Amino acid sequence: MTEQRFAGKVALVTGGASGIGRAAARLLAREGARVAVADLDEAGGAAACRQIADAGGEATFVRADVGDAASVRAMIEAVVARYGRLDCAFNNAGVAAPFAPLADFDEAAFDRILTTNLKGVWLCLKHEIPVMRAQGGGTIVNTSSGTTMTALVGTGPYAASKAGIIQLTRVAALECADAGLRVNCILPGMTRTPPIERRFAANPGEEAQKAAQYPLGRIAQPEEIAEAATWLLSDQSSFVTGHALVVDGGVSLP
């Protein structure tokens, strides 16, 4: 029988329609949480909720654009209106970036990446923290990236947006510790999400090339990253806050 680490708790997962977010939503529900799946992808979000319901869990879909302040505020209000509280938040929504040198990078693409990836996490924190403070605590995990561990040509704006999440996490952890509220982040390596699957399909041979770069000899499954995030969200990590947990199969090792 699966351990019910989240029995009686309410969890929010942004970017929950697919990939790491969907895997985390399913895991949280399997372990007892009532889950709000938030995403712009309505079809994917509905499918994630059906999977959870079919497995005996409880989930609801909330359409949300994390880069828009009114949308994030409405998302949190919807969760609290439905479930009465918010115990765990996995701020996972984000967008990938085109690979391009900094001098050639498109300004509109830069703004989109920073708005979704960095401002989006800040907006989620801004509206989650007051709810958790008022109820006496909670846990938050933000999704950063393994690209923050080293400099990679062509990844500047994306890596910068994800590096900013680490610092937001640390500051939030300090500011919220007095309320019994823990804030951490994860730094995943390359993970077999739908965009990565499409990329491999379009570029035969790239998967083997990428896998060879990882000491473990492969890239991650979404469920493996979800396990790390849910550990940080759970009481099992009760003395961990402000931490950036690297989950990258050793690829960032010197």
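The values are calculated or read from the model by the stated rules, or taken from the named source; none is laboratory data. All values reported here derive from a predicted model rather than from experimental measurement. Positions of Cβ are backbone-derived with ideal geometry, glycine not excepted, and every protein chain shown enters the neighbour counts.
Here are some notes:
- Top-ranked residue in region 31-72 [being of a type in the set (D, E, K, R) and more than 20 Å from GLY84 (Cα to Cα); ranked as surrounded by the most Cβ atoms within 10 Å (Cβ to Cβ)]: ASP39
- The set of residues from region 40-77 being of a type in the set (Asp, Glu) and closer than 30 Å to ALA134 by Cα comprises GLU58, ASP65, ASP68, GLU77.
- Members of region 101-113 that are surrounded by fewer than 19 Cβ atoms within 10 Å (Cβ to Cβ) and of a type in the set (A, V, I, L, M, F, W, C): LEU102, ALA103, PHE105, ALA108, ALA109, PHE110
- Meets criteria (farther than 20 Å from TRP122 by Cα, buried (at least 22 other Cβ atoms within 10 Å of the Cβ), of a type in the set (A, V, I, L, M) and within 22 Å of the chain's Cα centre (by Cα)) for ALA220: yes
- Of all residues in region 236-254, exactly one satisfies the criterion of being of a type outside the set (Phe, Trp, Tyr), loosely packed, with under 13 Cβ neighbours inside 10 Å and closer than 22 Å to LEU168 by Cα, namely SER238.
- Odd one out for ALA25, checked against (1) over 24 Å from VAL131 (Cα atoms); (2) in contact with a strand residue (DSSP E or B) (Cβ under 6 Å, 6 or more places away or on another chain): (1)
- Among the residues making up region 97-140, a single one is of a type in the set (S, T, N, Q) and in contact (Cβ under 8 Å) with a residue 60 or more places away in the chain: THR139.
- Contact map, region 170-192: first residue within 16 Å of ASP235 (Cβ to Cβ) and among the β-branched types (Val, Ile, Thr), second residue modelled with pLDDT of 95 or more and in a strand (DSSP E or B), Cβ cut-off under 8 Å, separation 6 or more or different chains; pairs are VAL183/THR139; VAL183/ILE140; VAL183/VAL141; VAL183/ASN142.
- Residue that is farthest from LEU181 (Cα to Cα), among those in region 111-141 that are part of a helix (DSSP H, G or I), in contact with a Lys or Arg (Cβ under 7 Å, 6 or more places away or on another chain) and of a type in the set (S, T, N, Q): ASN117
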